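Asks: So that we are looking at the same thing, I have put the structure below in structure tokens.
FYI, it's all coordinate maths here, none of it is from the lab. Model, not experiment: these values are computed from the prediction. Glycine gets a Cβ as well: all are built from the backbone with ideal geometry, and neighbour counts include every protein chain shown.
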Amino acid sequence: MDLQKLIDGYLRHLTVERGMSKNTISAYRRDLARYLEFLKDRAIETPEKITELTVSDFGQALSSRWGMSATSVARVLSGVRGLHKYWLIEGTTLNDSAARVKPPKPPRRLPKAITIDEVERLLAASGPDAGDEDAIALDPIKVRDRAILELLYATGGRVSEITNIDLDDLVDPTLIRLFGKGSKERVVPVGSFAQRALEAYLVRVRPTLAVLGRGTPALFLNQRGSRLSRQTVWQIIAQAGEKAAIQKEISPHTLRHSFATHLLEGGADVRVVQELLGHSSVATTQIYTLITVDALREVYSTAHPRARR
């Protein structure tokens, strides 16, 4: 059977049976298109001709030919391993050629968080305070920008989760519904600052933007009345970071990392933070504890009478 059709079948399985998001499916499609290109270069036209060495060589080619980092190679090979496992389960192949091909271990990188002071400067630079009537009148669209950043930091949501929020997902002023990877639903609390910023946007700005569009249920709208894109949120944050003179790389994920780090530094249980972030495994969340351990070590070394050298 044609390899492209078999790959398309796997992508349909991920979409329908596994409920993966459009963004995740797009990433899988790009990665598997590269795998298909590699197989065609080797004149491999059927799954039966793929060997363990073929998959291993593809992993090598990802770094040597396409210049991918170890992290990217591991991601692509994970998709290839899933494809071959699916083929075996479906009876397309008799063996799993990728089962024993181990992806490279990416270097362990700590999430990049900014300080609470830097977060406050970033939020202030993004737009006016909810009570500043004069500033709101001067530039209403900045009220939306401030609400987005306040919500990113208040909930620890991914940028895609925030842009995908619909009005119906506002459970009440203190709770909001987010849909994470694989459309996994979670309800997270919203702090008072974000509540006020969101109310100012809903009352003062969204109605004006909504009349320009076609009645979308999206919470955050662009200046054409349509759902706001992730790219626009990146731009909003970059502009706020520049205005706040923060000498670090700032992205939507920076606020997610800062949310988790600041909660743990404040004494929150790691399993609570896991639920708030929507991590399926607590091991993913525990990487944040490495940051807080450094902070504890610093405090200990300066405060304990027998710690000084």
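Asks: Count, please, the residues in the stretch 36-85 that happen to be among the β-branched types (Val, Ile, Thr), closer than 21 Å to Leu6 by Cβ and in a helix (DSSP H, G or I). Let's see the steps before the verdict.
Replies: So the first thing to find is which residues in the stretch 36-85 are among the β-branched types (Val, Ile, Thr), and the list is 44, 46, 50-51, 54-55, 71, 73, 76, 80.
Checking the rest, the ones that are also closer than 21 Å to Leu6 by Cβ come to 44, 46, 50-51, 54-55, 76, 80.
Then drop every residue that is not in a helix (DSSP H, G or I), which leaves 54-55, 76, 80.
Adding up the residues that qualify gives 4.
Asks: Being in contact (Cβ under 8 Å) with a residue 60 or more places away in the chain and loosely packed, with under 13 Cβ neighbours inside 10 Å is the filter here; which residues of the stretch 7-22 pass it?
Replies: Arg18, Gly19 - these are the residues of the stretch 7-22 that are in contact (Cβ under 8 Å) with a residue 60 or more places away in the chain and loosely packed, with under 13 Cβ neighbours inside 10 Å.
Asks: Let me ask something else about it. Please work out which residue is farthest from the chain's Cα centre (by Cα), limiting yourself to the stretch 189-241 and to residues that are among the β-branched types (Val, Ile, Thr) and within 26 Å of Ala260 (Cα to Cα).
Replies: Residues of the stretch 189-241 among the β-branched types (Val, Ile, Thr): 190, 203, 205, 208, 211, 216, 232-233, 236-237.
Now narrow it down to the ones that are within 26 Å of Ala260 (Cα to Cα): 190, 232-233, 236-237.
Values: Val190: 19, Thr232: 15, Val233: 13, Ile236: 17, Ile237: 15 Å.
Per the criteria, the residue is Val190.
Asks: Moving on. Between Ala194, Ala238, which is among the small types (Gly, Ala, Ser) and out of contact with any helix residue (DSSP H, G or I) (no Cβ under 8 Å at 6 or more places or on another chain)? Walk me through how you get there before you give the answer.
Replies: Numbers: Ala194 fails: out of contact with any helix residue (DSSP H, G or I) (no Cβ under 8 Å at 6 or more places or on another chain).
Going through Ala194, Ala238 in turn, the sole match is Ala238.
Asks: Could you grab me the full set of residues in the stretch 87-104 that are more than 26 Å from the chain's Cα centre (by Cα) and farther than 15 Å from Thr51 by Cβ? Working first, answer last.
Replies: Step one: list which residues in the stretch 87-104 are more than 26 Å from the chain's Cα centre (by Cα), which gives 87-101.
Correct list: Ile89, Glu90, Gly91, Thr92.
Asks: Answer yes or no: is there a residue in the stretch 84-98 that is surrounded by fewer than 22 Cβ atoms within 10 Å (Cβ to Cβ), in contact (Cβ under 8 Å) with a residue 40 or more places away in the chain and of a type in the set (Gly, Ala, Ser).
Replies: Within the stretch 84-98, not a single residue is surrounded by fewer than 22 Cβ atoms within 10 Å (Cβ to Cβ), in contact (Cβ under 8 Å) with a residue 40 or more places away in the chain and of a type in the set (Gly, Ala, Ser).
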